[in-house]
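The next block holds one structure in the form of structure tokens; read it before the comments.
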Amino acid sequence: MNKIALAIHGGAGTLRRGEMTAEKENEYREALQHALHEGYAIIEAGGSATDAVEKAVVELENSPLFNAGRGSVFSSNGKHEMDASIMEGKNKDAGAVSLVSGVKNPISLARAVMDKSEHVFLAGEGAMHFAKDHQFTTEPDSYFFDEFRHQQWLDIRDSDHFQLDHSNNKDHKFGTVGAVAVDVQGNLAAATSTGGMTNKKYGRVGDSPIIGAGTYANNQTCAVSCTGSGEYFIRAVVAYEVSALMEFKGLSLQEAADEAVLTRLPKIQGDGGLIAVDKFGNIALPFNTEGMYRGWKNASNEEIAIYEKT
């Protein structure tokens, strides 16, 4: 039997100790733990890594605490425009959606694109037509409304600024959820979902729905889900780069993930982090910011963390 493992993230950014109340921090930890346990239960029971990462991300999307699904930030038009992608490592099948509104769980829509269409990436009105054709229930705007997110938007809606919920710096671009897993068959999968940037304009799309930039899975190397400054992750093709460093340079999972996030990304001023798992059940969770909402679990250990370890 192969070693099973699952890791999740809820975004990276300006997350310093003492900047949120103990009650709020506990809410984040409980939400992360719930999603982790829900996803892990699937692979523990012999289910697929793909089902596990979808389930974990669905639970994070259902929480208003994270910038994905229900907790998505407001775009410049006062709406929610969500992106998501999923990939399995056995056959490198993938599905992605972008600029979708009203869909409760964008990650499940991305899964449907992977499983029920001949395409990989659907966007905007086309993605919404696909959702309707496959009987996806949409939620009203009130479902996605969060007073904190709304105030974030009101503060900058009349400016050219855009902002992510995990940053005090309006120039930093954070806010994503994701999961990676390896199942008992040794199959890998990765999933990522986001509401994007507060006050984003022009149909902006970050790395989260882009296969190879924000999400990647290959059974021969690893599964990766990224979070951070999306434009930089796209330019550096970070998720695929971790896999390539393993495949072509022979680096270990930890070495490849650290090289991508701690060495190469900062060279182009990119901020953020990623979670990754390989076919042996090894896990890497590097980030170059003050913190990253994260958790991981295998047969013998479990951890939930927010801040940089000291």
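Numbers at a glance
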{"quantity": "Matching residues in the stretch 245-289 - criterion: being among the hydrophobic types (A, V, I, L, M, F, W, C), in a helix (DSSP H, G or I) and under 20 Å from the mean Cα position of the chain (by Cα)", "calculated": "Leu253, Ala256, Ala257, Ala260, Val261, Leu262, Leu265"}
{"quantity": "Unique match (being part of a loop (DSSP other than H, G, I, E, B), at pLDDT below 95 and of a type in the set (D, E, K, R)) among Arg70, Arg17", "calculated": "Arg17"}
{"quantity": "Output for the stretch 27-41, where each listed residue is in contact (Cβ under 8 Å) with a residue 60 or more places away in the chain and not basic (Lys, Arg)", "calculated": "Tyr28, Leu32, Gln33, Ala35, Leu36, His37, Gly39, Tyr40"}
{"quantity": "Those helices (runs of 4 or more DSSP H) lying entirely in the stretch 77-171 with at least 3 residues out of contact with any helix residue (DSSP H, G or I) (no Cβ under 7 Å at 6 or more places or on another chain) and modelled with pLDDT of 95 or more", "calculated": "106-116, 124-133"}
{"quantity": "Some residue of the stretch 202-213 being under 14 Å from Gly272 (Cβ atoms) and assigned to a strand (DSSP E or B)", "calculated": "no"}
{"quantity": "Residue count, the stretch 232-278 (criterion: in contact with a Lys or Arg (Cβ under 9 Å, 6 or more places away or on another chain), of a type in the set (D, E, K, R), modelled with pLDDT of 95 or more and surrounded by 19 or more Cβ atoms within 10 Å (Cβ to Cβ))", "calculated": "1"}
{"quantity": "Filter result for Leu6 (part of a helix (DSSP H, G or I), closer than 23 Å to Asn105 by Cα and either touching a Lys or Arg at 6+ places or on another chain (Cβ under 9 Å) or not hydroxyl-bearing (Ser, Thr, Tyr) (or both))", "calculated": "no"}
{"quantity": "Residue, surrounded by the most Cβ atoms within 10 Å (Cβ to Cβ), within the stretch 5-41, restricted to residues that are hydroxyl-bearing (Ser, Thr, Tyr) and more than 16 Å from Ile275 (Cα to Cα)", "calculated": "Tyr28"}
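Condition check ((1) within 20 Å of Gly11 (Cβ to Cβ); (2) in contact with a helix residue (DSSP H, G or I) (Cβ under 6 Å, 6 or more places away or on another chain)) across all residues:
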residue: Ser225; (1), (2): yes, no
residue: Val242; (1), (2): yes, yes
residue: Ala256; (1), (2): no, yes
residue: Glu259; (1), (2): no, yes
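The values are calculated or read from the model by the stated rules, or taken from the named source; none is laboratory data. Computed from a predicted structure; not experimentally measured. Ideal geometry is used to build each Cβ from the backbone, glycine not excepted, and the neighbour counts take in all protein chains shown.
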